[in-house]
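Q: One structure coming up, written as structure tokens, with questions to follow.
The values are calculated or read from the model by the stated rules, or taken from the named source; none is laboratory data. This is a predicted model, so every value here is computed, not measured. Neighbour counts run over all protein chains shown; Cβ positions are idealised from the backbone, glycine included.
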Amino acid sequence: MKGSLDITASDFFCGAGGSTTGMIAIPGVRVTSASNHWDKAIETHQYNHQDTEHILADLSQITPKLFPRTTIGWFSPECTWHSNARGDKRLAAQISLLSDDLPSEAAQRSRATMWDVVRFTEHHRYELVFVENVVEIYSWPLYQPWIAAMHALGYEHRLICLNSMHSWTFGTPAPQSRDRVYVCFWKAGNRAPDFEAVVRPPATCSRCRPGRTRPSLWASTAASTPIDAPHVRVPIPCLSPTGCLHRPSSTGPRPASE
């Protein structure tokens, strides 16, 4: 991928097309294929991204050989193994077209798992792999074995926790507040991607406006540091020239009316 101006990507478990929209906002990136097992997701994604090849398929039931090889593999697999804090209610956490609740038809067909990431990566050997999920993924009992499987394929990784309303790097952020985990993999030996601009986007300090500083983040983004409670935020001190060192900064979401 070094020196290339044509970077291709595959969007697996695609929804309406938000991930694809974000990727093609980066100069030189083309999303050449998108896949989902739900026909309405494919229909909507195709309407929004007509230059992308669309594949209606349950990834857990199909061979990776049928998919084109790309530079980047972007995966947003559904998570049905998580329990919430109030009991044993199972969460179907893949983002749907309009909400977090999938119609029963789609929910019944949700069989894709995190292991499809490993299986497809083993075949296609992507230069970069991004896995988007809910913050509870770290509590999945097989999370560490899943990471180990990707390491065995020759990848290094970093765990990034980010709210969509802080995603300013390549344009205006999403008009919503969603806490998400992004597990980012790159081939061992290659230079690690520069994540700092993403995990520490600019924010305005409530005390010394219009000074620019950093918003609150999760306790850790380092791959080697366990996160006991990834949903807990730690205020980042304002580092503006006005000297407001111990004042937490904040960034609010854009209104949906925009």
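Q: Can you work out which of the residues in region 20-53 that are small (Gly, Ala, Ser) and under 17 Å from Tyr126 (Cα atoms) is modelled with the lowest pLDDT?
A: Per the stated criteria, the residue is Gly28.
Q: Counting only residues that are buried (at least 16 other Cβ atoms within 10 Å of the Cβ) and either over 21 Å from Ser10 (Cβ atoms) or without any contact (Cβ under 8 Å) to a residue 60 or more places away in the chain (or both), how many does region 154-166 have?
A: Selection size over region 154-166: 8.
Q: Based on this model, can you work out whether Phe67 counts as under 17 Å from the mean Cα position of the chain (by Cα) and not β-branched (Val, Ile, Thr)?
A: Answer is no for this residue.
Q: I would also like to ask the following. Kindly indicate the residue of region 6-56 that is assigned to a helix (DSSP H, G or I), within 16 Å of Phe75 (Cα to Cα) and β-branched (Val, Ile, Thr) and also nearest to the chain's Cα centre (by Cα) among those meeting that condition.
A: Thr20
Q: Which numbered condition in (1) under 23 Å from Gln61 (Cβ atoms); (2) at pLDDT below 95; (3) assigned to a helix (DSSP H, G or I) is the only one that Met165 fails?
A: The single condition Met165 does not satisfy is (1).
Q: Then there is this: How do the pairs read when you match residues in region 62-75 that are small (Gly, Ala, Ser) with residues anywhere that are not in a strand (DSSP E or B), using Cβ under 8 Å and keeping only pairs 6 or more apart or on different chains?
A: Gly73/Val117; Gly73/Phe120; Gly73/Thr121; Gly73/His124; Gly73/Tyr126
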